[in-house]
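Chemist: Structure incoming, see below.
The values are calculated or read from the model by the stated rules, or taken from the named source; none is laboratory data. Note that the structure is predicted; figures quoted are calculated from it, not measured. Cβ coordinates were reconstructed from backbone atoms using ideal geometry, including for glycine residues, and neighbour counts include every protein chain displayed. These accessible areas exclude ligands, DNA and RNA; they are computed on the full protein's heavy atoms, side chains included. Shrake-Rupley method; radii C 1.70, N 1.55, O 1.52, S 1.80 Å.
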Amino acid sequence: MLKKFLNTSEFKSLKIIEKTLKNSKYKVFPGLPLYAVFGNRDNEFNREEKRYIHESTFDFVIFNEKSFPQLAIEFDGPVHDIYKKKRMSDIKKNRICMKQGLYLLRIRDFHLKEYEKITILEYILLRFIRWNIERNKLV
């Protein structure tokens, strides 16, 4: 039997991300394994981190026009508050991203709700795009 790839909130998130990035230099890819994003950097991770990287995925990764990851997005559903194991997994992912310099945005259902014709997720992504343009001009 085939498995559903994204839950309803993740699917809605993907549609919002795709719409927001449509006319930008960025592309989104859902469900990427961490090892596909970080590559082979065995000397930079301890044994536990290596195992986690090979077993875990990002909900969404946004890449620039040169195919480098710029931002990872994790959709945190209700189980993220309930189960200690899930919270510990989130902390590992946070630390690995911080160690590698990859921005990680954690979102929830309320980020998908529309306020004055824009969702919080759209607003954050638009600010991210704008910030990258402004940052490049400053450098």
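Chemist: Per residue, how much accessible surface does the chain expose to a 1.4 Å probe? Answer in Å², no decimals. Show your work: numbers first, answer last.
Modeler: Working: 9490 Å² over 139 residues.
Counting only protein heavy atoms, the per-residue value for the chain is 68 Å².
Chemist: Output the relative contact order of the chain, whole-number percent, from Cα pairs under 8 angstrom with separation of 6+ residues. Could you put the intermediate results ahead of the total?
Modeler: Details: 142 pairs, mean separation 31.5, N = 139.
Computed over the chain, the figure is 23 percent.
Chemist: Can you list the residues of the stretch 85-106 with backbone N under 19 Å from a point 7 Å past the Cα of Leu138, pointing along Cα to Cβ?
Modeler: Once the point is set 7 Å along Cα→Cβ of Leu138, 101-104 turn out to lie under 19 Å by backbone N, inside the stretch 85-106.
Chemist: For Lys113 and Leu126 in one chain, what is 0.36 nm times their gap in residues minus the Cα-Cα distance, to one decimal in nm? Present the calculation step by step, with values, prior to reporting the outcome.
Modeler: Working: separation 13, 0.36 × 13 = 4.68 nm, distance 1.59 nm.
Difference between extended and current length: 3.1 nm.
Chemist: Under a plain spin-label model, where a point goes 7 Å from the Cα along Cα-to-Cβ, how far apart in nm are Glu55 and Asn43?
Modeler: 2.7 nm
Chemist: If you restrict to DSSP beta bridges whose two residues both lie in the stretch 1-110, what percentage is antiparallel, to the nearest 5?
Modeler: Among the beta bridges of the stretch 1-110, antiparallel pairing accounts for roughly 65 percent.
Chemist: When only Cα pairs under 8 Å and 6 or more residues apart are kept, what is the percent relative contact order across the stretch 43-94?
Modeler: Numbers: 29 pairs, mean separation 12.5, N = 52.
Dividing the mean separation by the residue count of the stretch 43-94 yields 24 percent.
Chemist: Mind listing the phi-derived Karplus ³J(HN,Hα) values for the stretch 60-73, rounded to whole Hz, using 6.51, -1.76 and 1.60 with θ = phi - 60°, and x for any glycine or proline?
Modeler: Couplings: 8, 10, 9, 10, 7, 5, 9, 6, 9, x, 10, 7, 10, 10 Hz.
Chemist: Please give the calculated 222 nm ellipticity per residue for the chain, where each DSSP H segment of at least 4 residues contributes -39500 (n - 2.57) and the sum is spread over every residue; nearest 500 deg cm²/dmol?
Modeler: Result for the chain, helices only: -15000 deg cm²/dmol.
Chemist: Defining a contact as two alpha carbons under 8 Å apart and six or more residues distant in sequence, what relative contact order in percent does the stretch 66-139 show? Let's see the in-between values first.
Modeler: Working: 45 pairs, mean separation 22.3, N = 74.
RCO, the stretch 66-139: 30 percent.
Chemist: In the chain, carbon and sulfur make up what percent of the accessible area (probe 1.4 Å)?
Modeler: Values: 5330 of 9490 Å².
Using a 1.4 Å probe with all protein chains present, the chain comes out at 56 percent carbon and sulfur.
Chemist: How far, in nm, would the chain grow between Asp81 and Leu6 when pulled straight, counting 0.36 nm per residue and subtracting the alpha carbon separation?
Modeler: Working: separation 75, 0.36 × 75 = 27.00 nm, distance 1.99 nm.
Stretched fully, the Asp81-Leu6 segment lengthens by 25.0 nm.
Chemist: Please compute the length gained on full extension between Lys66 and Met88, using 0.36 nm multiplied by the number of residues separating them and subtracting their Cα-Cα distance.
Modeler: On the way: separation 22, 0.36 × 22 = 7.92 nm, distance 3.27 nm.
Extending this stretch completely gives an extra 4.7 nm.
Chemist: Using alpha carbons only, how many angstrom separate the centre of the stretch 18-54 from the centre of the stretch 72-139?
Modeler: With the stretch 18-54 and the stretch 72-139 each reduced to a Cα centre, they are spaced 14 Å.
Chemist: Here is a follow-up. Which of the following values of volume of the Cα convex hull per residue in Å³ was calculated from the structure shown: (i) 157; (ii) 117; (iii) 144?
Modeler: From the options (i) 157; (ii) 117; (iii) 144, the structure gives (iii).
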